[in-house]
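**Student:** One structure follows; several queries about it will come next.
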Amino acid sequence: MLTADPAEAGRRAVGEAQALLGGLSPTFAVMFASAHFLGSAEALAAAVAEQTGPLPLIGCVAQAVVGGAREIESGPAVSLWLAAGVGPVETFAMEFVRTPSGGAYGGYRFEPGGAGIHLMICDPFTFPPGDLLTHLNKHVPGTVVTGGMASGGLAMRQSRLFLDGRVLSQGAVGARLAGAGADLLVSQGCRPVGDPYTVTGADANVIYELGGRTPVARLQELAAALPVKDRELLTKGVHVGMVINEYRTERRQGDFLIRAILGADAESGAIAVGDEVEVGQTVQFHVRDADSADEDLRRTLEQEAAALGGRPAAGALVFTCNGRGSQLFSEPSHDAGLLAKTLGEIPVAGFFCAGELGPVAGQNYLHGFTASIALFP
C-alpha cells in the first residue's frame, strides 16, 4: 500500500489481503510497514485490527518491505499477509535481561518436541538471538525458527514490533504455528573459491591454522591464484564457509554455513569469524556478488518447485537482508520477483532485515546477507 496515512493504509492492506483468501476467514496475520510508519505504528495497528477484528498478528516496521512480487525500498508501504487453515496459532513476546553471568531470555518457553514452526522478529538493539538459537539447537531439538531482525529503527527504543493489537519497542515477538506445514528455505548467496582446508588450530571463534598454515597466508595464496574478478571480490569482503556435512565427498555451493570474517591479526596470521570453530572442521573461503546470490536463490527455489511436483504454494513469508535489494542487484525486486517467477504469484509478505533467522541442516542460525523464506505448500 503506497500511502503514509495509517488509517487508509490499514484499510487498503486488509482489503487486498482478504481478497486473496477467497472468502475464507483469516486466523493469523503478519504485517510489515516501511519506516514512514515509525511514528504512527499504533494507529496503523489499530486500523488493521478495526478491519479484521481480534486476530493473532506479528510484524514490525522495517527499512523496506516485500509484498507480492515487489520490494518497496522507498516510499511508504504496508505489506499485510493473512492466513487461514494454518491450525492453532500462539503469539508471544520475549525479552533479554543482562545478568552478571551473561544474560537470560524470558517471556516464552520453547517446549521439547513442539510441532510446527516458530516465526520470530527481534529488535537488534535489545534482543540478541544467537545464544537463544544455540540453546534451542542443543537442548530443545526439533525446534524450528525462522524470521528476522527488525530494521526500521536506528537506535535503542526506536524499533516497532507488532504483537496482536500492541506495539513494542524492545525484545522480540513471535508466533508458534503448531499445525502448519512449511518448507523453510535459506539462500546464503555465496560462492566457494579456492580449496577446502582442515582447521588445525583454533580457539572459540579464532582460527590460527588451516592445514598447518595461518589463515592469512592461505588468503594470500588464494588471492594470487584467483582470476582478476574473483580477486576483486575477495578484497571487497571474504567469508568463511564451514562444511555442514563432513561426510559428503563432493561439496558445492549451499553445502556450507557462511560466516563473516570479523578481523585478522597480521602478526599471528589468525582470523576471527562470526561463529565458534573446532579443530578438525573443514572450511573454505567464499565470495559474494550479485551473480552468486542470484544463482544460489534460483537453485534453492527451483529445487523447491521440483519438490512441490506441480502443486501450487499457498503463500510465503520472505526475510531478506537489507544488504541485498538494489544495493546488490542491478534490477529492482530481485528476490521477490524470482520467487514469483519460479513458484507463481502467490501471496507474499516480507521485509528487509538486519539479520535473518533460518535453519540450515536442521540447526537454527542467525545469518547475514541471506534470503530466508517460509513457504507454505
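**Student:** Suppose we filter region 1-28 for residues that are open to solvent by 70 Å² or more (accessible area, probe 1.4 Å), in contact with a Pro (Cβ under 8 Å, 6 or more places away or on another chain) and within 29 Å of His118 (Cβ to Cβ); how many remain?
**Tutor:** Matching residues across region 1-28 total 2.
**Student:** Kindly provide the set of residues from region 179-230 that are open to solvent by less than 30 Å² (accessible area, probe 1.4 Å), touching a residue at least 60 places away in the same chain (Cβ under 8 Å) and over 22 Å from Asp255 (Cα atoms), ordered by number.
**Tutor:** Those that are open to solvent by less than 30 Å² (accessible area, probe 1.4 Å), touching a residue at least 60 places away in the same chain (Cβ under 8 Å) and over 22 Å from Asp255 (Cα atoms): Ala180, Gly201.
**Student:** I've got another one for you. Scan region 315-333 and tell me whether some residue there is modelled with pLDDT under 95, touching a Leu at 6+ places or on another chain (Cβ under 6 Å), part of a loop (DSSP other than H, G, I, E, B) and open to solvent by less than 50 Å² (accessible area, probe 1.4 Å).
**Tutor:** Within region 315-333 (the criterion being modelled with pLDDT under 95, touching a Leu at 6+ places or on another chain (Cβ under 6 Å), part of a loop (DSSP other than H, G, I, E, B) and open to solvent by less than 50 Å² (accessible area, probe 1.4 Å)), the answer is no, since none of the residues qualifies.
**Student:** Looking only at region 260-310, count every residue that is under 18 Å from Leu222 (Cβ atoms), part of a loop (DSSP other than H, G, I, E, B) and among the small types (Gly, Ala, Ser) and tell me the total.
**Tutor:** 3
**Student:** In region 65-89, how many residues are surrounded by fewer than 24 Cβ atoms within 10 Å (Cβ to Cβ) and either at positive phi or assigned to a loop (DSSP other than H, G, I, E, B) (or both)?
**Tutor:** So the count comes out to 11.
**Student:** Okay, moving on. Look through region 335-351, keep the residues that are part of a helix (DSSP H, G or I), of a type outside the set (Val, Ile, Thr) and farther than 24 Å from Gly153 by Cα, and return whichever of them is most open to solvent (accessible area, probe 1.4 Å).
**Tutor:** For region 335-351, the residue satisfying everything is Lys341.
**Student:** Residue pairs, Cβ under 8 Å, 6 or more apart or interchain, first in region 332-348 and on the phi > 0 side of the Ramachandran plot, second part of a loop (DSSP other than H, G, I, E, B). List them.
**Tutor:** Every condition considered, the pairs that remain are Ser333/Ala69; Gly344/Pro312; Gly344/Ala313.
**Student:** When the residues of region 258-276 are narrowed to those that are open to solvent by 10 Å² or more (accessible area, probe 1.4 Å) and in contact (Cβ under 8 Å) with a residue 60 or more places away in the chain, which ends up nearest to His367 (Cα to Cα)?
**Tutor:** Ile258
The values are calculated or read from the model by the stated rules, or taken from the named source; none is laboratory data. All of these numbers come straight from a predicted model, not from anything done at the bench. Cβ: placed from backbone, ideal geometry, glycine included. Neighbour counts: every protein chain shown. Ligands, DNA and RNA are stripped out before the accessible areas are found, and what is left, the full protein with its side chains, is counted by its heavy atoms. Shrake-Rupley method; radii C 1.70, N 1.55, O 1.52, S 1.80 Å.
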